[in-house]
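> The structure's right below; bear with me while I get my questions together.
Throughout, read-outs are computed from the coordinates displayed, never taken from laboratory work. For clarity, every value in this text was computed on a predicted model and none was experimentally measured. Neighbour counts are summed over all protein chains in view; Cβ atoms, including those assigned to glycine, are modelled from backbone coordinates with ideal geometry.
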Amino acid sequence: MSDSKIRILYIDDEEHNLQSFKASFRRQYDITTTISVVEAEEIMENQEFHVLLADQRMPGMTGVQFFEKIRSKFPESIRILITGHTDISAAIDAINKGEVFRFIDKPWDYTYVENAITHAYDIYKTRAELKQRNLDLQKAYEELDKFVYSASHDLRAPLMSVLGIVNLALMEDDVQSQNEYLDLIKQSVKKLDTFIINIIDYYKNARGVQAITEIDFNQLVNDVTEAIKFLPEFGKIDMVTKINQTGVFYSDAMKLRIIFNNLITNAVKFQDIKKESPFIKLTVDATPEHTKITFEDNGLGIKKDDIEKIFKMFYRAGATNSGSGIGLYIVHEAITKLQGSINVTSTAGEGSIFEINIPSVNK
Amino acid sequence: MTSQFDFILIDDSAFDLFIYEKLILKSGIGNSVRPFNSAQDALEYLTGEGDRLPKTVILLDLQMPGMNGFEFIDQFDLLPVSLKSQIKIYMLSSTIDTRDIEKAKASIHIIELLSKPLEIGTLKAILQD
């Protein structure tokens, strides 16, 4: 039974009506039937239906009364009433109390019923989509709110640090310590600059147009590492890159650059200075269909509790001066946009391995 | 004669810990300064010290990874009264968010929200009161 079929629940006390409906529409729809309104409610507890059909004249409870009863509990299902006796007060009740979408006259006409069900399902689908959009919007709004809150903090904090250092420097007569203060100001300004660059990357990644080109991983990795290698923080890290590319791989160079840049910079930033020989091993295996990238380091590693959270926006694991909590979030977003996946294994104190798998984008 | 205080600084920024430690010591208002870069560590220290803790002024940052300033206050609330009565907490933050400001005002443990950068004159005036 396919999931894409319209799911219908039909309630009628006359068994033969149910049978003939089933016989006519069995192939087209996923049909459940029952002769009892009590049982109908039980069935609805366990399964969601797109369209409900109910006969008006039933012993115990009319179709309209049934709809009125279940309407608030199952508001999504679209209700259709089947009636053999056109009775104006029943019709008024059906619309006002049962909020019925359509009437079907008995004996029913195949095309008419089919039409009614199609339209009912369209409404069901539209409402469901609208609901989903509203949820998405709400989520986007909450994220924006959080973004503004955290971004304003991360933009102001380094500036306030600079002002604090200036205050301190003004109290000092000794020229030697002035240099120390200037160095602190420099670090603080750099931190702010990194944050701004990250925000720009994030924006480009989130809103920018995909630019799919042929990727030369040797070239790409070279470009990225050149810029990082000359940073004073790079220290004595031994960086080993193994790139094995066969054939042409299509992807978005901008996003790959963001991924490489953030992960290599992180490995540099969070290296363990106590270790004898710090290393970063970068391996790229690229075929025309698929690329696997691994970053392995023997840096500080990530605590167990933090591993699930590191890809969250503004989450900073541990206290550090250089983390803005946005780098890995951007990495995750970029990988998601490329329809890839990322997997982390890490032990605090030993090091981390990031494994990324990305499919080729077909032009 | 101005009185001196023992300080605890809680801030994830190593810059700010450095700045405020120096500022407090240089200005002569501080007798001692104990910096913590995590609220969790500071809390453990307080619990460990217990009754040995002298009268202490805490300058508490708000936005920190792990336990933030308000979460610290929630945990602080659970400490024994004898320990709490030794401690005066001032929140020191660069926040300009009205929700944060309201929340800090409403807290019974936060005496005042001071904005970064901390002016030593302000701190002196507040503590002499």
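> Explain nothing, just compute: Karplus ³J(HN,Hα) = 6.51 cos²θ - 1.76 cosθ + 1.60, θ = phi - 60°, for every residue of the range A:121-138 in order, whole Hz, x for Gly and Pro.
5, 4, 5, 4, 5, 4, 5, 5, 5, 4, 4, 5, 4, 4, 5, 4, 4, 4
> Can you sort A:HIS290, A:HIS50, A:HIS85, B:HIS109 from fewest to most other Cβ atoms within 10 Å of each residue's own Cβ?
The fewest-first ordering by Cβ neighbours comes to A:HIS85, A:HIS290, B:HIS109, A:HIS50.
> Principal axis lengths of the range A:210-363 from Cα atoms, whole Å, largest first?
The Cα atoms of the range A:210-363 stretch 45, 30, 22 Å along the principal axes, largest first.
> Which aspartates and glutamates, on any chain, are close to B:LYS26 with Cα under 20 Å apart, when same-chain ones fewer than 8 places away are left out?
Candidates past the 8-residue exclusion: A:GLU172, A:ASP173, A:ASP174, A:GLU180, A:ASP183, B:ASP6, B:ASP11, B:ASP16, B:GLU119.
> Checking understanding here: applying a Kyte-Doolittle mean of at least 1.0 and a length along the axis of at least 30 Å (C-alpha), which whole DSSP H helices in chain B pass?
None clear 30 Å together with a mean of 1.0.
> Where in the range A:250-281 is the amide nitrogen less than 20 Å from a point lying 7 Å along the Cα-to-Cβ axis of A:ALA211?
Residues A:250-262 fall inside that zone.
> Compute the semi-axes of the equivalent ellipsoid of the protein assembly as shown, taking the square root of 5 times each eigenvalue of the Cα gyration tensor, and list them largest first in whole Å.
62, 35, 18
> Sort A:SER4, A:SER188, B:SER85 so that the residue with the fewest other Cβ atoms within 10 Å of its own Cβ comes first and the one with the most comes last.
Least to most surrounded, the residues fall as A:SER4, B:SER85, A:SER188.
> Determine the alpha carbon to alpha carbon distance for each of A:LYS22/A:LYS97; A:LYS255/A:LYS337; A:LYS236/A:LYS281; A:LYS131/A:LYS204; A:LYS190/B:LYS124; A:LYS229/A:LYS281 and list only those over 20 Å.
Too far apart for the 20 Å limit: A:LYS22/A:LYS97; A:LYS131/A:LYS204; A:LYS190/B:LYS124.
> While we're here: Any idea how far the Cα center of the range A:125-140 sits from the one of the range A:334-363, in Å?
When both Cα centres are located, 30 Å separates them.
> Also, I was wondering about something else. Counting each DSSP H run of 4 or more residues in the protein assembly as shown as -39500 (n - 2.57), what helix-only mean residue ellipticity at 222 nm follows after dividing by all residues, to the nearest 500 deg cm²/dmol?
-15500 deg cm²/dmol
> Pairs A:LYS269/A:LYS292; A:LYS146/B:LYS105; A:LYS125/A:LYS312: which are spaced more than 28 Å apart, C-alpha to C-alpha?
A:LYS125/A:LYS312
> Can you tell me the orientation of helix A:217-229 relative to chain A, as the angle in degrees between its alpha-carbon axis and the longest Cα principal axis, to the nearest 10?
For helix A:217-229, the angle is close to 50 degrees.
> Order by neighbour count: B:VAL81, A:VAL224, A:VAL51, fewest other Cβ atoms within 10 Å first, most last.
B:VAL81, A:VAL224, A:VAL51
> Another question about this same structure. Give me the aspartates and glutamates in straight-line cross-link reach of A:LYS139: C-alpha distance below 16 Å, same-chain residues under 8 apart excluded.
A:GLU129, A:GLU333
> While we're on this one: Once a ≥ b ≥ c are taken as the square roots of the eigenvalues of the Cα gyration tensor of chain B, is the result rounded (a/c under 1.5), prolate (a/b larger than b/c) or oblate (a/b not larger than b/c)?
Verdict is rounded for chain B.
> Rounded to whole Å, give me the distance from the Cα center of the range B:1-49 to that of the range A:23-79.
Centre-to-centre distance over Cα atoms comes out at 68 Å.
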